[in-house]
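Derivation of every value follows stated rules applied to the coordinates shown; laboratory data play no part. Since we're looking at a predicted model, the values are computed, not measured. We place every Cβ from the backbone using ideal geometry, glycine too, and count neighbours over all the protein chains shown.
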Amino acid sequence: MCGIVGYVGSAASSSVSGAAGGRVALDVLLEGLRRLEYRGYDSAGVATMSQGQLSVRKKAGKLSNVLAEIQADPMVPGVVGIGHTRWATHGGPTDVNAHPHLDAAGKLAVIHNGIIENFSSLRARLVAEGVVFESQTDTEVAAKLLGRVFETSAGGDLTEAMRQVVNQLEGAFTLLAVHVDQPDRVVAARRNSPLVVGLGDGENFLGSDVSAFIDFTRDAVELEQDQIVTITADEVAIIGFDGVAAQGRQFYVDWDASAAEKGGFATFMEKEIHDQPKAVEDTLLGRTDESGRLQLDELRIPVAELKAVSKIIVIACGTAAYAGMVAKYAIEHWCRIPVEVELAHEFRYRDPIIDDTTLIVSVSQSGETMDTLMAVRYAKEQGARTVSICNTNGSTIPRESDAVLYTHAGPEIAVASTKAFLAQITAAYLLGLYLAQLRGQMFTEQIRDILADLHKIPQKITEILAGAEQVKSLARSMKDSPSVLFLGRHVGYPVALEGALKLKELAYIHAEGFAAGELKHGPIALIEEGQPVFVVVPSPHGRHSLHSKVVSNIQEVRARGAKTITVAEAGDDDVREYSEEVFFVPETPPMLMPLLATVPLQIFACTLASEKGYDVDQPRNLAKSVTVE
Ligand code: F6R
């Protein structure tokens, strides 16, 4: 999510800016941050070191704000340094919360990507020991702890201090640290977050991805899970969290700079589809306490009020509204609270019935969609409590809501939403389970089982992505289809709507999604010879024999000449007989199925649109954030 860059050059030749090994650290860091700018962020900062001097500048907002700060108040150009662009998770996007963060002595600086799950207990321990914190971030906890360990048990060795600290941390993190007492090095560690070393001649680099240093070197080493690396100008030394010498994966970067930003994919959309395992994983991260109970710290609405909620209205637009439809099925089933889902632009013009026991849940990737914002404001005026499910920290909708549940999908750059959708559904499940826990509607074991199934979803998405060639080749063969229909039922219905929307948006093909049961009430008249129909088939293990009902729907359209393409659960061999093509997705509880069944439909739309030569990242007529009503 955050962008990270680190650099160590050769002190001897540092006066010759531009010579290999003798670059000015500040220049390298700012260029790296500029390259990482595509990720989008809300604050940036750098720390440089030279001759025992540590210099830090950081600012909320764009990189240009830090540049202005450096111009106004020049800093040490340095031969060693670290730089960061922040995508806020813990603590809003302010100057104080921007990275780097310092230890108590002001001798050590740290930058961080990820979420330290146990930061509140570590922080409480440090506060009890007299440590004073400036920010609300989890990162500052790592900085303060690292400074303390460096001076005590690590005996002034930054690598050993890092090793001792990471063994106390839980969650996902890439950490980079510099210390004035060891001015020739940057020490970094990674768990569940990316970190790549760039190998230079008399200089070495670190980056959250290769785009951070692609202008300077193409020889790289990707760190493995749970490894620590120490870079100096001439050496790269890797150890495991256990202290044993280790190795990363060496590779050569043959992408151009723009492909590097896309992680080697041709488009941001493909990258973001592949980011989905991480988006779901990060959205789940840090939301259970040590006993496995859900703990949604950000949901700062008094428990008594949450218990008194008599009705939930989900408001959102487009893809986010389809995530809201999944939320309705899950929350009603788990919490027994009535849930309405409403397009935000319709909501406030229909005189909705709202009182102080109504909970409004807005869903928005950007947090800036004007229709959704106006609906939230209207609901607040009517006395409702408002919770925002949002991907953009510090954006307007969460700021104006009573509480927020952030999705941690990272910046979504392609205009059409993919990873934010899966993250929104994940957050909606968490909200539903949390309300069920609070209101005593489910047993602790039931909630724990569903959470365990949710934690298996990232691996299952990875499996679907690994088998993507089947859906891609179908998409390429269907590029001239004038119209495609999508059917689904229960939570498969919003998936069908999303599949159709993706195809409309990206490939400009007429596409419609229907509730499969609605077919016979009209839409079946559209079926003629050769009409492609995607069917999202419910699990055969689900309740209400929906599976057999949907299989009947498949037969009905086939009898009228449709070409049926099904997305079904692995092992559901019944559907083969009725499908021209079947995409199997791994087994999961029926309620969680949208997190898997959506993925082949995204890949289908993206591939088909690319085959037609369209720009999938910026489809015609669309804007990423719709800030007009
Ligand atoms: C579709 C898409 C849009 C957005 C909608 C809401 O791919 O991206 O339908 O979902 O405009 O945007 P946010 O979530 O930013 O409020």
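Placing unit charges on the Cβ atoms of the charged side chains and taking the dipole of the chain about its Cα centre, the candidate lying farthest along the positive direction among 301, 312, 248 is 312. For the range 560-568, 3J(HN,Hα) computed residue by residue from phi via the Karplus equation (6.51, -1.76, 1.60; θ = phi - 60°) reads 9, x, 5, 8, 9, 10, 10, 10, 9 Hz, glycine and proline entered as x.
Computed from label points 7 Å out along Cα-Cβ, the spacing between residue 95 and residue 64 is 1.9 nm. Just add up the charged neighbours of residue 541: K/R +1, D/E -1, any other residue whose Cβ is under 10 Å from the Cβ of residue 541. Within the 10 Å Cβ shell, the charges total -2.
Of interest is the spacing of the C-alpha centroids, which for the range 237-284 and the range 359-390 amounts to 34 Å. Across the options 238, 343, 471, the greatest Cα extent toward the positive end of the charge dipole of the chain (unit charges at beta carbon of Lys, Arg, Asp, Glu) belongs to 343.
Every Cα-Cα pair in the chain was counted, and those over 40 Å apart are 31% of them.
To the nearest ten degrees, helix 370-381 and the longest principal axis of the Cα atoms of the chain are 90 degrees apart. Each peptide in 140-147, 492-499 gets a packing score, the mean of other Cβ atoms within 10 Å over its residues, and the list from highest to lowest is 492-499, 140-147. Angle of helix 25-35 to the longest C-alpha principal axis of the chain, folded into 0 to 90 degrees and rounded to 10: 10°. Quick one: Debye curve from the alpha-carbon atoms of the range 40-93 only, equal weights, vacuum; give me log10 I(q)/I(0) at q = 0.12, 0.24, 0.25, 0.30 Å⁻¹ to two decimals. The Debye formula, applied to the Cα set alone, gives -0.28, -0.89, -0.93, -1.13.
Can you say what percent of the DSSP beta bridges in the range 467-622, counting only those with both residues inside, are antiparallel? Round to 5.
On the way: 0 of 19 bridges.
Antiparallel: roughly 0 percent of the beta bridges in the range 467-622.
A straight chain from residue 449 to residue 560 at 0.36 nm per residue would run longer than the Cα-Cα distance by 35.7 nm. Stretching the chain fully between residue 170 and residue 219 yields a gain of 14.5 nm (0.36 nm per residue, less the alpha carbon separation).
Kirkwood Rh over Cα pairs of the range 503-545 into Stokes-Einstein at 37 °C, 0.692 mPa s: D in µm²/s?
Once the numbers are plugged in, D ends up at 259 µm²/s.
Across the range 587-601, rounded Karplus estimates of 3J(HN,Hα) from the backbone phi angles (6.51 cos²θ - 1.76 cosθ + 1.60, θ = phi - 60°) give 5, 7, x, x, 5, 8, 3, x, 5, 9, 5, 5, 4, x, 6 Hz, Gly and Pro being marked x. Within the chain, DSSP assigns beta bridges of which about 60% are antiparallel (rounded to the nearest 5). Relative to the dominant Cα principal axis of the chain, helix 546-559 is inclined by about 70°.
Extension gain, residue 382 to residue 570, is 63.0 nm, computed as 0.36 nm per intervening residue step minus the present C-alpha separation.
Between the alpha-carbon centres of the range 165-221 and the range 495-574 there is a gap of 48 Å.
Per-residue Cβ neighbour counts within 10 Å put 101, 274 in the sequence 274, 101, beginning with the fewest. Dividing the summed helix terms, -39500 (n - 2.57) for each DSSP H run of n ≥ 4, by the number of residues in the chain produces a 222 nm estimate of -10500 deg cm²/dmol to the nearest 500.
The dipole here belongs to the range 267-415: it is taken about the Cα centre, uses +1 on the Cβ of Lys and Arg and -1 on the Cβ of Asp and Glu, and is about 280 debye.
Backbone phi angles across the range 346-352, fed through the Karplus curve with coefficients 6.51, -1.76 and 1.60 (θ = phi - 60°), yield HN-Hα couplings of 8, 3, 7, 9, 10, 6, x Hz in residue order; Gly and Pro are listed as x.
Given a Förster distance of 30 Å, report the FRET efficiency between residue 71 and residue 621 from their Cβ-Cβ distance, rounded to the nearest 0.05. About 0.15, to the nearest 0.05.
Here 75, 325 are placed in order of increasing Cβ neighbour count within 10 Å, fewest first, which gives 75, 325.
Work out the length of the dipole vector of the chain about its Cα centre, built from +1 on the beta-carbon of each Lys and Arg and -1 on the beta-carbon of each Asp and Glu, and round it to the nearest 20 debye. Please list the in-between numbers first.
Values: 57 positive and 81 negative charges, 207 e Å.
It comes to approximately 1000 debye.
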